[in-house]
Number of protein chains: 2
Amino acid sequence: MKRAKKKVFADFMSQKGLKSTKQRDIILDSFLSSDRHLSIEELYLKLRSKHPNIGYATVYRTLKLFAEAGIAREMQFGDGQTRYEHVSEGEHHDHLVCTRCGHIEEFENETIEKLQDEVADSRGFLIERHRLEIYGLCANCRK
Amino acid sequence: MKRAKKKVFADFMSQKGLKSTKQRDIILDSFLSSDRHLSIEELYLKLRSKHPNIGYATVYRTLKLFAEAGIAREMQFGDGQTRYEHVSEGEHHDHLVCTRCGHIEEFENETIEKLQDEVADSRGFLIERHRLEIYGLCANCRK
DNA sequence: CGCCATCATGAAAGTGACATTCATTGGCAT
DNA sequence: ATGCCAATGAATGTCACTTTCATGATGGCG
């Protein structure tokens, strides 16, 4: 899985004529072994401890590259930060976002997707993508 | 409807000990007679032509007040601007957002809501609110 | 291996959309 | 009419990106 994504990224880079660098390797490793919904700042800080020589701009640009390469996706959860989540081939899911601790869970629901298609059809609307986020308190924070 | 919201806002203001001003009246009128999903900038520009003496900050602060009073709701559709939509008592709806022309349609689907409740329940998650947005091409832009 | 056209990097400066400050203005209860 | 306190708007601050630019790496080629 990590290996597969590294290959996808490597292929994307060579196909685009872009170069492999130490920084990009480090950032990719760190991203792949992280929480699934990291902000630029969070990843940057995580890297900083071990690699103080990597700049914010590089993390920023590299995450954009991951998104272009299709191994990450930009997401907004309304906390003012752009988060990047891991993308798995053809998979789609929605989110449960805890408003207290910030924890993000994922879920899938085929029936909801189907109902969305129906709504769109009935309006003559052509779906490109959608987002469904449920905000509230996670099981832990309810206690 | 417009009248009802004016009353809600007036009540809110007097209850909070806040004052009625020319600017707030003008902004409220303009907001109520607008498109349902206006950004601060859009409302500000709309006002500027007739009332060049109203500042951006006043529009910004007044929209926040509308939200506090419960007659407007802040929304993000990923275009980098906060939009304010009209709120009607107890009503909830989701959105179809056209990625070409920016047009925003609303829809309601009781079944989807119910399924969301089920998902949340099964995770021990307590829902505060949710957002569902479907992005794509509206009927007009498909032509 | 060494060259060098390109691409990548990081510090710093720029952007855009809010958000706040502060001197001045203006409601409104008395 | 008067004074207190909220409201206004120009200006400034903030924050999270986003871009610039001088310097440093990379990797195809001879």
Q.
Suppose all protein chains stay in the model; what accessible area per residue would a 1.4 Å probe give for chain B, in Å²?
A. 56 Å²
Q.
At R0 = 41 Å, how high is the FRET efficiency between A:Gln15 and B:Ala139 if r is their beta carbon distance? Nearest 0.05 is fine.
A. 0.65
Q) How much accessible area is lost when chains B and A come together, counting both sides, with a 1.4 Å probe, in Å² rounded to the nearest 100? A) 3200 Å²
Q | Dipole of the stretch A:94-142, positive end: most advanced residue of A:Gly124, A:Ile112, A:Cys98 [Cβ charges, Cα centre] | A | A:Cys98
Q. Anyone know which of B:Gly102, B:Gly70, B:Gly80 comes out most mobile in the 10 Å Cα GNM of chain B?
A. B:Gly80
Q.
Need one number for the stretch A:61-143: average projected area of the convex hull over its C-alpha atoms, nm².
A. 7.0 nm²
**Q.** Average silhouette area of the stretch A:94-142, convex hull of alpha-carbon atoms, in square nanometres
**A.** 4.0 nm²
Q: Exposed loop GluC sites (Glu not before Pro) only (DSSP loop, at most 10 other Cβ atoms within 10 Å): please give the longest stretch of chain A free of them, not including the sites.
A: A:1-88
Q | Shape box of the stretch A:1-48 [Cα atoms, principal axes, largest first, Å] | A | 29, 21, 14
Q: Can you list the distances in nanometres, one decimal and ascending, from the B:Asp79 label point to the identical position in each other copy, with the point 7 Å along Cα to Cβ?
A: 2.7
**Q.** Among the listed pairs A:Lys22/A:Lys64; B:Lys50/B:Lys143; A:Lys64/B:Lys64; A:Lys143/B:Lys64, those beyond 28 Å (Cα-Cα)
**A.** B:Lys50/B:Lys143; A:Lys64/B:Lys64; A:Lys143/B:Lys64
Q: Find which of B:Gln81, B:Val8, B:Ser30 sits farthest along the positive direction of the dipole of chain B, computed with +1 on the beta-carbon of Lys and Arg, -1 on that of Asp and Glu, about the Cα centre.
A: B:Ser30
**Q.** Shielding by partners, peptide A:73-82 (average Cβ within 10 angstrom, other chains)
**A.** 1
Q. Given the convex hull of the Cα atoms of the stretch A:35-103, what is a quarter of its surface area in nm²?
A. 5.3 nm²
(Q) Rounded to the nearest 20 debye, what is the charge dipole size of the stretch B:94-142 about its Cα centre when +1 sits on each Lys and Arg Cβ and -1 on each Asp and Glu Cβ? (A) 340 debye
Q. If you take every DSSP beta bridge whose two residues both sit in chain A, what share of them, in percent to the nearest 5, is antiparallel?
A. 75 percent
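Per DSSP H run of at least 4 residues, take -39500 (n - 2.57); add these up for chain B, divide by its residues and hand me the 222 nm value, nearest 500 deg cm²/dmol.
Roughly -15000 deg cm²/dmol at 222 nm, from the helical runs in chain B.
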Q | Tail fraction, Cα-Cα pairs, chain B, threshold 18 Å, whole percent | A | 63 percent
Q | Modelled label reach - A:Leu115, point 7 Å along Cα→Cβ, the stretch B:106-143 residues with backbone N closer than 11 Å | A | B:108-119
**Q.** Descending principal axes extents, the protein assembly as shown, alpha-carbon based, whole Å
**A.** 62, 52, 43
Q: Using a 1.4 Å probe over the heavy atoms of the protein chains, calculate the carbon and sulfur portion of the accessible area of chain B as a whole percent.
A: 48 percent
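The values are calculated or read from the model by the stated rules, or taken from the named source; none is laboratory data. As the structure is a prediction and not an experimental result, all values here were calculated from the model. With ideal geometry, Cβ positions are generated from the backbone for all residues, glycine too; neighbour counts draw on all protein chains shown. Each accessible area value is taken on the protein alone, full model and side chains, heavy atoms only, with ligands, DNA and RNA left out. Shrake-Rupley method; radii C 1.70, N 1.55, O 1.52, S 1.80 Å.
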